[in-house]
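Here the structure is laid out as C-alpha cells; the discussion comes afterwards.
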C-alpha cells in the first residue's frame, strides 16, 4: 500500500510539474517561481515568512497583507478566481 501511495504521489507531482507552468502562462498570469529545494536563500525565506518549508505554495500580496497558500487545491482555486 505504501508503494501505491508513493507511486500515485509521484504521478501527481509529475503532472503538477509539467502542466502548472503552462496553465499559468496560458492564463497570462505573471507569477514568479522559486526553487526552495535547490536555493538556500529561497528556502530560508519560505521558512521565515511562510512559517514552514512546504511546496507547492503561493505567496499572495494584497492591500499590504501577505497570505500563504500551501494546499494545491487552494492554490488552483485562487488562480482560477484571479484569471476569471
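The values are calculated or read from the model by the stated rules, or taken from the named source; none is laboratory data. Just so you know, these numbers come straight off a predicted model, no measurement behind them. All Cβ positions, even for glycine, are placed from backbone atoms using ideal geometry, and neighbour counts span all protein chains on display.
Restricting attention to region 47-60, and to residues there that are touching a strand residue (DSSP E or B) at 6+ places or on another chain (Cβ under 8 Å) and within 19 Å of residue 30 (Cα to Cα), which single residue is surrounded by the fewest Cβ atoms within 10 Å (Cβ to Cβ)?
That would be 60.
Among the residues of region 29-46, how many are surrounded by fewer than 10 Cβ atoms within 10 Å (Cβ to Cβ) and assigned to a helix (DSSP H, G or I)?
2
Which of the residues belonging to region 47-73 are outside any strand (DSSP E or B) and touching a residue at least 12 places away in the same chain (Cβ under 8 Å)?
Within region 47-73, 49, 50, 51, 52, 53, 54, 55, 56, 57, 70, 72 qualify.
Just to be sure, is residue 77 at pLDDT 80 or above and surrounded by 11 or more Cβ atoms within 10 Å (Cβ to Cβ)?
yes
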